[in-house]
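Shown next, in structure tokens, is the structure this report addresses.
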Amino acid sequence: MNRMPKTYKNLNLPPLSEEQKAELEALRQMKEEDIDYSDAPSCSFHDPHHYYAQSLRMKKDRICTTIDHDNVEWLKKDGKGYQTRLNAVIRWARLNGCPIEKFN
């Protein structure tokens, strides 16, 4: 099957100001333990956009599986993007130590 390569919309972000560049450089030179993260928002699977940019660079695997209808409806309730939300839920569970139980 011939597929067209996936393309992504260019966000056309404005260039960084000199002040922003200086701030980023200062952060780059800081030791990790000296950075104060107390005002950073916590990550949640309710905000899948947190991982969006990172996930664009990740290798994707196409799988075929079945998912309970109520879970699919929950993922689709906010419209387009349910697969991205599913990935965010799985990633959140994995990164937060959610145990995987063995079912037979």
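Here are a few things to note about the model shown:
- Fully extended contour minus Cα-Cα distance, from K21 to Q83, at 0.36 nm per residue: 18.8 nm
- Integer Hz, Karplus 6.51/-1.76/1.60 couplings in order for segment 80-96, x for Gly and Pro: 4, x, 5, 5, 5, 5, 4, 4, 5, 5, 5, 5, 4, 4, 5, 6, 9
- The listed peptides 85-98, 60-73, ordered by packing as a protection proxy, come out as 85-98, 60-73 (highest mean of other Cβ atoms within 10 Å first).
- Gain upon complete extension [C64, I90; 0.36 nm per residue less C-alpha separation]: 7.8 nm
Values in this text are rule-based calculations from the coordinates and carry no lab data. As the structure is a computational prediction, the values presented were derived from the model and not from experiment. Here Cβ is always computed from backbone atoms with ideal geometry, including for glycine, and neighbour counts include all displayed protein chains.
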